[in-house]
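The block underneath contains the structure these notes are about, expressed in structure tokens.
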Amino acid sequence: MFLEQLVNGLAMGSIYALITLGFTMVYGVIRLVNFAHGDVYMFAVMACVSLLASAHLPLWMTLLLAPVIAGALGVALAWSTYRHLLNAPRINMLLAAVGVAIALENLAIRLWGPQTQPFPSLWEGRAIVLGTTQISYLQIFMLVLSYGIMLALNLLVKKTKIGIAMRASAEDMTTARLMGAPVMQVVYATFAIGGVMGGVAGIQFAMYYNAAYPMMGFVPTLKAFSAAVLGGIGSIPGAMLGGLVLGLAEALGAAYISSGYRDAIAFAILILILLVRPSGVLGRSTVEKV
Amino acid sequence: MPVRALSDRRVLAGAFGLLLVVAPLFSSNQYLIRLLVMSGINILLAMGLNLISGVTGQLSMGHAAFYGMGAYTSALLMLRLSVPFWFSALAAALVAGVFGVLLGIPTLRLRGDYLAITTVGLGEIVHLIFLNWDSVTNGPLGLPGIPAPSLMRVQLGSNLAYYYLVLVVDVLVAGSLFRLARSRVGRALIAIRDDELTAETMGIDTTRLKVTAFAFSAVLAGVAGALFASYMSFISPENFTYSESVTMLLMVVLGGMGSYWGAIAGAGILTIAPEALRVLSEWRMVVYGVALVVLMIVRPQGLFGSGFTEKKPVKKIKGKASESAELKAPVGGGD
């Protein structure tokens, strides 16, 4: 039982980590709490639901298609909406993101209906059995895929030019620009990467729970915020850590404490961290300059 | 000249006030009166939210939680303990206010963006409690049969009676808020929004004021909730969701964050518009979402606000260097 919950937690944690990474990267670069983060990948997943039904898309292809759709949607939103608000007071961009989120959620409800749609999963039900514990092929796949992507992201951010530009912009946008970093490209790239990772996470999510519905991005966005703050917002290793811890906390909490208030665990963590150590586990304490 | 202008305004205000009081007596259009009552309730919500989010700058996106707490408190007291409306409404205000304080305290250290998402989370938790705490709130089935207020054995159940009740409450609240706006406290709140650190340096007790503002906005929402519960005679968790919070926020943003008149205008518009545009009713929230985005890009100060068009000096991410060098002086706080 414990081992099962552990695997469960790690698997969900890896999904949360992917979502949190995209979220924290956007915050790091343009200081936007992206309320619409989850809704972007939700839209991609719902689009895949339609495509699976109507175009008989092979299931594995959704793992490629959803990230592309989500990434494209993210960039489109950045270009059409957030771009105009980069120099406005931060609250304006925040409210715009809220507007985008609400619009996307309700648009999805109009397009696909509010009900939960079934979503098939790879390797339906097949699992490795170790004594009394079952570890499904899907869980193993999720772990491998997600950690693989996170490794790739790490390489991207450390070794590639755009990655270095991203880190520079996150640290100090003005100076990065003065040093020649193409900051607008960085902004778009950040949204694209966030969308791509969100898309992968979203599909895995849908497969894991065999469900897809318009509000499926809402609560994960809040959880991503929790996880990001836990790990230190703006920090990439922090996001990975935060996502993982959150996944484990949820799995173990839901199993041993109560499953009804499962979602509340994330909020409890958030409030705790904000009271105790707002800069997060791996974050830097930013000194407020007058 | 100024004296004449002042008395002109007073005459206008008096005429408008008279209209508000007398007009509904001549109208047999119950639908219209219902709309006005709902507008009145929403005005309370918007003014409360405006106080904490617009004037003090603490973005609260879980306002529906206080609304719901007030409604459930009042409804439960009336239904289970046969408490008269006036006391249950008072209790509703108190309960909401206490939660406002409880909410205000941990969020003190949080900056705008963190605060916003935290309030969303808290709003969700409250919604979950309304849904799951079956034994008390009756869960998703809601609470039917909530009685109307009665004054000296006379039930104030009719639309018209309710209209006057809400009107009186609104006038009292609006009056006190307008006085607040012109007082030291009102200006202090604006100072907190504009630059908290400086406000603290100038001797303003930001902690106490922020918590107080939160509490007061919660109290207003609680009263609105009590009024709502008795008016609709039925409440359920679905009346107090995140969508509701966003709608309230849109009322404030549309009217102009920080503007007291703006809150009134925004509440009125967003109560009447969905009715007028019935044909779009299924797309309402999509429209609201898009409206919020468009407002932020095109006219972030809404109708009557004035504080949200400042550009950050120097740090422009793209665009001409000459523009970015301008240091715009902050525009005065909204009325």
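Coordinate-derived values only; no laboratory data. Every value quoted in this text rests on a predicted model; they were computed, and no experiment measured them. Neighbour counts run over all protein chains shown; Cβ positions are idealised from the backbone, glycine included.
Structure data summary
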read-out: Local net charge near residue B:113, Cβ-Cβ under 10 Å (Lys/Arg +1, Asp/Glu -1); value: +3
read-out: Mean separation of Cα contacts under 8 Å (6+ apart) over length of the stretch B:88-229, as relative contact order %; value: 55 percent
read-out: Reachable aspartates and glutamates from residue A:158, criterion Cα separation under 19 angstrom, eight or more residues apart if same chain; value: A:171, A:172
read-out: Derived scalar couplings ³J(HN,Hα) [the stretch A:75-83; Karplus, 6.51 cos²θ - 1.76 cosθ + 1.60; whole Hz; x for Gly, Pro]; value: 5, 4, 5, 4, 5, 7, 10, 5, 4
read-out: Normalised convex hull volume, the stretch A:62-185, alpha-carbon set, Å³ per residue; value: 178 Å³
read-out: C-alpha long axis of helix A:37-54 to longest principal axis of chain A, angle in °; value: 40 degrees
read-out: Nonlocal amide H pairs with residue A:117, under 5 Å, H built at 1.01 Å; value: A:212, A:213
read-out: Karplus-derived 3J(HN,Hα), 6.51/-1.76/1.60, for each residue of the stretch A:140-152, Hz, glycine and proline x; value: 4, 4, 4, 4, 5, 4, 5, 5, x, 4, 5, 4, 4
read-out: Packing-based ranking, highest mean first, of A:228-238, B:41-51, B:233-243 given that Cβ atoms within 10 Å are counted; value: B:41-51, A:228-238, B:233-243
read-out: J(HN,Hα) series, the stretch B:124-133, from Karplus relation 6.51 cos²θ - 1.76 cosθ + 1.60, nearest Hz, glycine and proline x; value: 5, 4, 4, 4, 4, 5, 4, 6, 9, 7
read-out: Value of relative contact order over chain B, rounded to a whole percent, pairs C-alpha under 8 Å and six or more apart; value: 29 percent
read-out: Listed residues A:145, A:130, A:122, most fluctuating in chain A (Gaussian network, C-alpha, under 10 Å); value: A:130
read-out: Kirkwood hydrodynamic radius (C-alpha pairs) into Stokes-Einstein, the stretch B:53-126, 4 °C and 1.567 mPa s, D in µm²/s; value: 99 µm²/s
read-out: Taking chain A and dividing mean pair separation by its residue count, relative contact order in percent (alpha carbons under 8 Å, at least six apart); value: 37 percent
read-out: Per DSSP, loop chymotrypsin sites (Phe, Trp or Tyr not before Pro) in the stretch A:1-98 with at most 16 further Cβ within 10 Å; value: none
read-out: Unit charges at the beta carbon, dipole of the protein assembly as shown: most positive-side option, A:162, B:237, A:64; value: A:162
read-out: Lysine pairs in chain B with Cα atoms under 20 Å, if 8 or more residues apart or on separate chains; value: 8
read-out: Amide proton proximity set for residue A:136, modelled H, under 5 Å, gap of 5+; value: A:128
read-out: Spatial separation of Cα centroids for the stretch B:109-123 and the stretch A:81-100, in angstrom; value: 16 Å
